[in-house]
1. Identify, please: which residue in the range 123-142 is assigned to a helix (DSSP H, G or I) and aliphatic (A, V, I, L, M) and is, among those, surrounded by the fewest Cβ atoms within 10 Å (Cβ to Cβ)?
2. For VAL100, all conditions in the list (1) over 30 Å from GLY43 (Cβ atoms); (2) in contact (Cβ under 8 Å) with a residue 40 or more places away in the chain; (3) surrounded by fewer than 17 Cβ atoms within 10 Å (Cβ to Cβ) hold save one; what is the number of the exception?
3. Could you check, for the range 200-218, whether at least one of its residues is assigned to a helix (DSSP H, G or I), of a type outside the set (A, V, I, L, M, F, W, C) and touching a residue at least 12 places away in the same chain (Cβ under 8 Å)?
4. Just checking, which of LEU55, LEU59 is assigned to a loop (DSSP other than H, G, I, E, B), among the aliphatic types (A, V, I, L, M) and within 30 Å of GLY236 (Cβ to Cβ)?
5. Just the residues that are under 16 Å from the mean Cα position of the chain (by Cα), in a loop (DSSP other than H, G, I, E, B) and either acidic (Asp, Glu) or closer than 11 Å to CYS158 by Cβ (or both), please, taken from the range 75-122.
6. Taking the range 1-20 as the search range and keeping residues that are modelled with pLDDT of 95 or more and in a loop (DSSP other than H, G, I, E, B), which one is farthest from the chain's Cα centre (by Cα)?
7. Considering only the range 167-178, state which residues are on the phi < 0 side of the Ramachandran plot and crowded, with 18+ Cβ neighbours inside 10 Å.
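The values are calculated or read from the model by the stated rules, or taken from the named source; none is laboratory data. Being a predicted model, the structure only gives us computed values, none of them experimental. Every residue, glycine among them, receives a Cβ derived from its backbone with ideal geometry; neighbour counts consider all protein chains shown.
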Amino acid sequence: MNPAIEVRHLSYSYPGGRRALDDVTFAVAQGECVGVLGPNGAGKSTLLLHLNGLLPERLPEQPKVWIAGEPLTRDTAERVRQRVGLLFQDPDDQLIAPTVFDDVAFGPRQLGVAEPELERLVQDCLRMVGLEGFERRQPHRLSQGEKRRVCLAGVLACKPAVLVLDEPTGGLDPRGRREFKRLLQTLPGTKLVATHDLELVVDLCSRVLVLDQGRLVREGPTIEVLSDEPFMLEHGLEKPHALLHRHPHG
């Protein structure tokens with residue numbers, strides 16, 4: 001079985017020369033949930049944007065990314081993008097329509113889903129994220145947590161094979177974080193989660209990738225990596241509270 005996500009020798013520099021990714025290679029199995037960790041500027045968001053071809057500006061002749069075995073190239077980009085559901089860090093970058101219904105319906109409409117199937121799909125996805133009855137609400141009037149749920153419903157409505165989440169609990173208060181974490185735990189399928197929220201990683205991800213200055217400096221089981229305090233401190237991270245009283249084999 002092909003990995004859900006495979007990245008081989010991926011490097012990227014922004015215009016002006018700053019190297020954001022440096023020879024990154026990893027794979028994520030079907031159904032696996034993997035955390036992407038690292039300090040600010042480590043390359044986490046840049047990596048996520050490569051997974052559905054938003055970066056680089058011109059896709060290379062030789063692929064560096066495969067989704068469910070299909071290489072991401074200029075010819076396949078449109079098809080591969082439909083398989084990768086990307087949740088942006090800032091929900092306001094993703095909300096584009098005057099109502100919640102239209103926002104969630106936007107992606108499936110582009111994919112040719114028509115009424116009454118479309119209505120059913122939107123309602124199912126809103127139910128999945130706990131926003132039943134929000135169809136006529138205006139997205140810009142919602143709370144930060146609700147906006148994020150609308151974005152997630154819109155991503156789910158496209159039925160992606162892989163969910164890629166950039167700081168999914170960023171900017172949420174403690175209750176919003178807990179609720180969003182519970183929601184993510186209920187979603188099936190493959191997930192790659194870039195986050196500073198290490199408590200989320202402990203509860204959600206079986207394995208982590210640690211980036212620092214664009215390089216993949218370590219990958220391994222979540223508890224093992226996050227319990228290594230000297231390593232975590234060296235790479236601008238802290239051992240999460242959930243693990244302070246646990247030993248790696250405890």
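1. Among them, the one singled out is MET128.
2. Against the list (1) over 30 Å from GLY43 (Cβ atoms); (2) in contact (Cβ under 8 Å) with a residue 40 or more places away in the chain; (3) surrounded by fewer than 17 Cβ atoms within 10 Å (Cβ to Cβ), VAL100 comes up short only on (3).
3. Scanning the range 200-218, I find at least one residue that is assigned to a helix (DSSP H, G or I), of a type outside the set (A, V, I, L, M, F, W, C) and touching a residue at least 12 places away in the same chain (Cβ under 8 Å), so the answer is yes.
4. It is LEU55.
5. Hit for the range 75-122 is ASP90, nothing else.
6. The extreme case among them is PRO3.
7. Within the range 167-178, PRO168, THR169, LEU172, ARG177 qualify.
Condition check ((1) under 30 Å from GLU117 (Cβ atoms); (2) in contact with a Pro (Cβ under 7 Å, 6 or more places away or on another chain); (3) crowded, with 17+ Cβ neighbours inside 10 Å) across all residues:
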| position | (1), (2), (3) |
| --- | --- |
| PRO160 | yes, no, yes |
| LEU165 | yes, no, yes |
| VAL201 | no, no, yes |
| ARG207 | no, yes, yes |
| SER227 | no, yes, yes |
